[in-house]
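Colleague: Next up is a structure, given as structure tokens.
Rule-based calculations on the coordinates, nothing more; no lab input. Bear in mind the structure is a predicted one, so any value in this text is a computation, not a measurement. Cβ sites come from the backbone with ideal geometry, for glycine too, and all protein chains shown count toward neighbours.
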Amino acid sequence: MIAVRAPEDRALASPIGRTSPVAKLVLVGMWMAGLALTTDPRPPLILGAIGLAASVGLGRVRLAALAAALAPLGFAALTVGFFNAVLNPANGDASLAALVSLGPIRLTAPAVGAGAAIACRVGAVAVLGIAFALTTDTTRLVDALVQRAGVPERFAYGALAAFQAIPRLAEDLVSLRDARRIRGLRASWHPRILVGLLVLAIRRADRMAVAMDARGFGSGPRSRYRVERGSWSDVAFLGAGGVILVAAMLMGR
């Protein structure tokens, strides 16, 4: 089943939820860029911990929802770190003492450190992305990108419509399987089901494009139902996030 986890009302009404989506997107981008420039595990641990604390405290995200969203990505981070540690070239250096030896597998301290650093970075990126997703309304995000970041309307609202259409794929899949059962055919995975999903998606995209053209998206200035304005709280949010990033990077050095 295809599902999109939508942010809860309590999270959208929180201090972080009321912050401009563009400010949050810029801050998350800054933090991720900083994580990409370090190989030390301390900055991602610091930023990830602050992201978790902020999403629960200031973002009012339920721990159950946060844990459910983080579980698969946390497993992926551990997997990436493990294989990077196992396949690290430092394991073949005979001058380095082995921390673990199991048959042909040999792990040295530099390899384990490199794997742990990569796992921490992947985990921190996952935390930041999930915290942003669970405290941001997608419609407000697109409105802010169009009004304040200058993103073209046709691209922004087209991407929003495509994102909102993802759950409909699950409904189409159920309908196609039921139709095959009624005809006495096998309802498990079959190439014809995938072809049917593709046809339905193309038809829906075509209707969506015609509807957007009929409403004049991208044809000129438009009035706004939701007006996104900046505030000093957004500036303070970005400033505090920048200070935290600099402090975390300095601790990593």
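Colleague: Can you compute the modelled spin-label distance between Arg140 and Ala211, with each label point 7 Å from Cα toward Cβ, in nm?
Modeller: Distance between label points: 2.3 nm.
Colleague: Now, a different point. Hey, got the dipole for region 62-198? About the Cα centre, +1 on K and R Cβ, -1 on D and E Cβ, debye to the nearest 20?
Modeller: On the way: 13 positive and 7 negative charges, 110 e Å.
Computed charge dipole of region 62-198: roughly 540 debye.
Colleague: Which length gain, in nm to one decimal place, applies between Ile202 and Ala240 when the Cα-Cα distance is subtracted from 0.36 nm times their residue separation? All intermediate terms of the calculation are to be shown ahead of the outcome.
Modeller: Working: separation 38, 0.36 × 38 = 13.68 nm, distance 4.47 nm.
Additional length available on full extension: 9.2 nm.
Colleague: Give a residue-ordered list of calculated ³J(HN,Hα) values for region 10-20 (Karplus: 6.51 cos²θ - 1.76 cosθ + 1.60, θ = phi - 60°; whole Hz; x for Gly, Pro).
Modeller: Coupling constants for region 10-20: 5, 6, 5, 8, 6, x, 6, x, 7, 5, 4 Hz.
Colleague: Rounded to the nearest 20 debye, what is the charge dipole size of the chain about its Cα centre when +1 sits on each Lys and Arg Cβ and -1 on each Asp and Glu Cβ?
Modeller: Magnitude of the dipole: close to 780 debye.
Colleague: Tell me the mean residue ellipticity at 222 nm calculated for the chain from its helices only (DSSP H runs of n ≥ 4, each -39500 (n - 2.57), averaged over every residue, nearest 500). Before the final figure, lay out the partial values.
Modeller: Numbers: 11 runs with 174 residues, N = 253.
The per-residue figure over the chain is -23000 deg cm²/dmol.
Colleague: With the Cα gyration tensor of the chain in hand, give its eigenvalues times 5 under a square root as the equivalent ellipsoid semi-axes, listed largest first in whole angstrom. Walk me through the numbers before you get to the answer.
Modeller: On the way: eigenvalues 300, 185, 50 Å².
Semi-axes from the Cα gyration tensor: 39, 30, 16 Å.
Colleague: Now a separate question. Give me the extension gain from Ala98 to Ala159: residue separation times 0.36 nm, minus the current Cα-Cα distance, reported in nm with one decimal. Before the final figure, lay out the partial values.
Modeller: Numbers: separation 61, 0.36 × 61 = 21.96 nm, distance 5.01 nm.
Extending this stretch completely gives an extra 16.9 nm.
Colleague: Now for a separate question. I need the chymotrypsin sites (Phe, Trp or Tyr not before Pro) found in region 141-189, filtered to DSSP loop residues with at most 15 other beta carbons within 10 Å of theirs.
Modeller: Details: sites: Phe155, Tyr157, Phe163, Trp189; in loops: Trp189.
Within region 141-189, the qualifying chymotrypsin sites (Phe, Trp or Tyr not before Pro) (loop, at most 15 other Cβ atoms within 10 Å) are Trp189.
Colleague: Let me test this: with uniform point scatterers at the alpha carbons of region 153-214, what is the Debye-based log₁₀ I(q)/I(0) at q = 0.21, 0.23, 0.25, 0.27 1/Å?
Modeller: -0.82, -0.92, -1.01, -1.11
Colleague: Now a separate question. Go through Val28, Ile244, Val174 and say which Cα lies farthest out towards the positive end of the charge dipole of the chain; charges sit on Cβ, +1 for Lys and Arg, -1 for Asp and Glu.
Modeller: The one lying farthest along the dipole's positive direction is Val174.
Colleague: Within the chain, which whole H helices from DSSP have a Cα span along their axis of at least 20 Å and a mean Kyte-Doolittle hydropathy of 0.5 or more, if any? Write out the running numbers ahead of the final one.
Modeller: Values: long enough: 21-36 (22 Å, 1.62); 42-57 (22 Å, 1.27); 63-86 (33 Å, 1.89); 109-133 (36 Å, 1.81); 166-182 (25 Å, -0.16); 191-214 (35 Å, 0.94); 232-252 (30 Å, 1.69).
Taking the DSSP H segments of the chain (at least 20 Å long, mean hydropathy at least 0.5), we get 21-36, 42-57, 63-86, 109-133, 191-214, 232-252.
Colleague: Now, a different point. What is the packing order of peptides 57-65, 70-78, 191-199, 94-102, taking the mean over residues of other C-beta atoms within 10 Å and listing the highest first? All intermediate terms of the calculation are to be shown ahead of the outcome.
Modeller: Values: 57-65: 16.1, 70-78: 14.4, 191-199: 12.8, 94-102: 10.8.
Top to bottom by mean Cβ count within 10 Å: 57-65, 70-78, 191-199, 94-102.
Colleague: Next question. At q = 0.09, 0.12, 0.14, 0.23 Å⁻¹, what is the log10 ratio I(q)/I(0) for region 131-253, with the Debye formula run over Cα points and no solvent?
Modeller: Values, matching the q order: -0.48, -0.71, -0.82, -1.31.
Colleague: Pull up all non-local amide H partners of Ala149: gap of 5 or more, or a different chain, and H-to-H distance under 5 Å with H placed in the peptide plane.
Modeller: none
Colleague: Residues with amide H under 5 Å of Val61's amide H, sequence separation 5 or more or different chain, H placed in the peptide plane at 1.01 Å from N; which?
Modeller: Excluding prolines and chain starts, which carry no amide H, the hits are Val56.
Colleague: Which one of Met208, Ala162, Leu194 has its Cα pushed farthest toward the positive end of the charge dipole of region 153-214, where Lys and Arg give +1 and Asp and Glu give -1 at the Cβ?
Modeller: Sorting the options by dipole projection puts first Leu194.
Colleague: Additional query: How much FRET efficiency would the formula 1/(1 + (r/R0)^6) give for Val56 and Ala6, where r is the Cβ-Cβ distance and R0 is 25 Å, rounded to 0.05? Could you put the intermediate results ahead of the total?
Modeller: On the way: r = 18 Å, r/R0 = 0.72.
That gives a FRET efficiency of 0.85.
Colleague: Under unit Cβ charges (Lys, Arg +1; Asp, Glu -1), what dipole magnitude, rounded to 20 debye, does region 153-214 have relative to its Cα centre?
Modeller: That gives region 153-214 a dipole magnitude of about 440 debye.
Colleague: While we're here: Put a dot 7 Å past each Cα toward the Cβ at Ala33 and Ala65; how far apart are the dots in nm?
Modeller: Modelled inter-label distance: 3.0 nm.
Colleague: For Leu99, which sequence-distant residues (separation of 5 or more, or a different chain) have an amide H within less than 5 Å of its own amide H, given hydrogens modelled in the peptide plane?
Modeller: Placed amide hydrogens put Leu107, Thr108, Ala109 under 5 Å from Leu99.
Colleague: R0 = 45 Å: FRET efficiency of Ala170 with Leu250, Cβ-based, nearest 0.05?
Modeller: On the way: r = 47 Å, r/R0 = 1.03.
It comes to 0.45.
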